[in-house]
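Trainee: Pasting a structure here, questions to come.
Read-outs throughout are calculated quantities, based only on the coordinates presented, and are distinct from any laboratory measurement. Keep in mind the model is a prediction, meaning the values are calculated, not measured. So basically every Cβ, Gly included, is an ideal-geometry build from the backbone, and we count neighbours across all protein chains shown.
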């Protein structure tokens, strides 16, 4: 699980009596797409419904020396999306739109924060701004299917926290 997993392995290695420097982690970069991210149809990631999405903390503390998760800065290249998933309105959101509870579906946005691991997968999702109407769970399922070229520091892949705004298609 990227840098977070590396920190966990490092901790276990130290506890188990192995020298910490013997724990290693590798990452494989996803090739960049020349024409921008690809878009694939939404599909639920599991059949039993959505995984509950916890609320984000008010602020995130960053301790890359402990957990390997960076927030950006000098010498860090942010993750680049290679695959995104489009998301449509839920039945409840369509009904709310018909009842004029919001004027435009583009006004409804879920902000989701997550860590892009060293392999380019979104992990540790949390909800910063809810949209309601069952859309947040659908957005989280879609974000779990996103793929990225991971962030890099000094040319090496690192885990980095980022936030996306998920907007919904009406058709």
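Trainee: Grab every C-alpha pair in segment 73-171, bin the distances at 5 angstrom width from 0 up to the longest one, and report whole percents.
Mentor: Going out from 0 Å in 5 Å bins, segment 73-171 shows 2, 14, 23, 20, 14, 11, 8, 5, 3, 1, 0 percent.
Trainee: What is the spin-label model distance, in nm, from residue 167 to residue 59 if the labels are put 7 Å beyond Cα along the C-beta direction?
Mentor: Inter-label distance under the simple model: 3.1 nm.
Trainee: Express in nm, to one decimal, how much length is gained between residue 129 and residue 98 on full extension, taking 0.36 nm for each residue of separation and deducting their alpha carbon distance.
Mentor: Taking 0.36 nm per residue and subtracting the Cα distance, the gain is 8.9 nm.
Trainee: Ordered by packing density, taken as the mean number of other Cβ atoms within 10 Å over each peptide's residues, highest first, how do 135-148, 116-129, 154-167 rank?
Mentor: Top to bottom by mean Cβ count within 10 Å: 135-148, 116-129, 154-167.
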